Amino acid sequence: MAIIDEQLLDILVCPVTKKSLYLNEDTHELICEESGLAYPIKDGIPVMLPEEARKL
């Protein structure tokens with residue numbers, strides 16, 4: 001089973017930079033290299049709040 005729906009991943013962007021994200025399946029996070037933030041995915045739902053993101 002996928003961690004996150006592929007169609008959702010295609011439309012999500014980093015709320016800080018508005019750049020696309022890539023999925024890290026090992027950590028269950030959406031990564032934005034430009035902002036250096038990793039957004040967690042909890043129960044299949046991405047938490048797209050910068051204050052909840054982990055700094056890379």
Where residue 3 falls short, out of the listed (1) among the hydrophobic types (A, V, I, L, M, F, W, C); (2) in contact with a helix residue (DSSP H, G or I) (Cβ under 6 Å, 6 or more places away or on another chain); (3) at pLDDT below 95: (2)
Residues of region 31-46 satisfying the condition of being of a type in the set (Ser, Thr, Tyr) and outside any loop (DSSP other than H, G, I, E, B): 39
The one condition in (1) more than 11 Å from the chain's Cα centre (by Cα); (2) crowded, with 17+ Cβ neighbours inside 10 Å that residue 23 fails to fulfil: (1)
Number of positions in region 15-30 that are in a strand (DSSP E or B) and of a type in the set (A, V, I, L, M): 2
Failed criterion for residue 9 (all others in (1) crowded, with 16+ Cβ neighbours inside 10 Å; (2) part of a loop (DSSP other than H, G, I, E, B) hold): (2)
Test: residue 43 is more than 11 Å from the chain's Cα centre (by Cα), at positive phi and loosely packed, with under 11 Cβ neighbours inside 10 Å: yes
When residues of region 26-40 are limited to those that are under 13 Å from residue 16 (Cα atoms) and acidic (Asp, Glu), the one surrounded by the most Cβ atoms within 10 Å (Cβ to Cβ): 33
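The values are calculated or read from the model by the stated rules, or taken from the named source; none is laboratory data. Predicted, not measured: the structure shown is a model, and the values here were computed from it. Glycine gets a Cβ as well: all are built from the backbone with ideal geometry, and neighbour counts include every protein chain shown.
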